[in-house]
Amino acid sequence: MSKEIDLDKYRSIGTLRSGYKKSTKVTYTGYGKSNQVEHWSGRKDANIHVKPIVTRIKREGAN
Amino acid sequence: MSWSASGVFGQTLADILDNTTAIDLGSDTFKVALYTNSITPDFDAAAASVAYDTGQWATAQEAYGTNWAQGGVALSGNALTVGSPAAGQLKWDCTDVSEATTTVSTAFYGCLIYDDTIATPVADQGLLAIYFGGTSYTTDTGTLSITFDSNGVWYLDYTP
């Protein structure tokens with residue numbers, strides 16, 4: 001039987017080792033066994049800002 | 001080869017000016033599709049080679065995924081404005097793009113903006129292509145936004 005642990009709950013009382021990110025899931029796998037730890041990158045956005053394309057009509061000469 | 005610049009497709013511009021195509025920059029529906037860095041945009045190419053899923057713009061090099069469909073996303077608010085962004089200039093602008101919860105895993109470096117309304121003589125004819133400046137973009141369950149400049153997507157300066 002496994003059980004997911006709410007990391008934020010333990011983070012708040014300081015029992016969670018540093019280096020664990022919010023996107024880390026620890027699954028308790030039973031007494032005396034190593035907990036299963038999964039990391040994932042989480043959400044990633046792409047915010048692209050583009051400059052205008054400018055087309056210029058150029059006049060040749062002074063007149 | 002790869003992306004190196006943004007530009008308007010010359011043949012599309014010529015086709016609009018000489019009435020070869022009925023593309024209407026104000027009322028047609030335009031779409032924006034994303035592309036990898038394995039293409040080399042040719043702004044002098046023939047009309048049939050600047051359309052979506054032709055020439056450099058074949059779907060093999062398109063980036064798409066969850067909540068960003070193949071073929072791209074429809075633009076809205078496209079309009080021409082005379083005397084903008086300054087006197088003697090003609091601006092073509094669209095509403096900024098923002099699609100939530102997208103996952104586009106294939107890295108994209110630029111986009112094609114093409115007409116999705118006109119079917120003949122060339123369907124899905126490209127109007128312009130925008131290079132994102134060399135940055136590789138992907139998304140993972142995130143917002144994919146393209147913010148156009150306040151001076152528009154494209155403007156023509158006709159009073160040199």
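Could you tell me which numbered condition B:Ala60 fails, if it satisfies all but one of (1) part of a helix (DSSP H, G or I); (2) within 12 Å of another protein chain (Cβ to nearest Cβ)?
(2)
Note down all Cβ pairs under 6 Å where the first residue falls in region A:43-63 and is at the interface with chain B (Cβ under 7 Å from one of its Cβ atoms), the second is at pLDDT below 90, and they're at least six residues apart or on different chains.
A:Ile57/B:Pro160; A:Lys58/B:Pro160; A:Arg59/B:Pro160
B:Ala48 fails exactly one of the following numbered conditions: (1) outside any loop (DSSP other than H, G, I, E, B); (2) within 14 Å of another protein chain (Cβ to nearest Cβ); (3) aliphatic (A, V, I, L, M). What is the number of that condition?
The one condition B:Ala48 does not meet is (2).
Among (1) surrounded by fewer than 18 Cβ atoms within 10 Å (Cβ to Cβ); (2) in contact (Cβ under 8 Å) with a residue 40 or more places away in the chain, there is one condition B:Gln61 misses while meeting the rest; what is its number?
(2)
Could you pull out every one of the strands (runs of 3 or more DSSP E) wholly within region B:85-160 that has 3 or more residues that are of a type outside the set (A, V, I, L, M, F, W, C), at the interface with chain A (Cβ under 10 Å from one of its Cβ atoms) and in contact (Cβ under 8 Å) with a residue 12 or more places away in the chain?
B:89-93, B:97-108, B:137-148
Only residues that are surrounded by fewer than 21 Cβ atoms within 10 Å (Cβ to Cβ) and either over 23 Å from B:Ser4 (Cα atoms) or under 11 Å from the mean Cα position of the chain (by Cα) (or both): list them for region B:97-123, please.
Listed by number, the residues that qualify are B:Ser98, B:Glu99, B:Ala100, B:Thr101, B:Thr103, B:Asp116, B:Thr117, B:Ile118, B:Ala119, B:Thr120, B:Pro121, B:Ala123.
The values are calculated or read from the model by the stated rules, or taken from the named source; none is laboratory data. None of the values given here were measured: they were computed from a predicted structure. All Cβ positions, glycine included, derive from the backbone under ideal geometry; neighbour counts span all protein chains shown.
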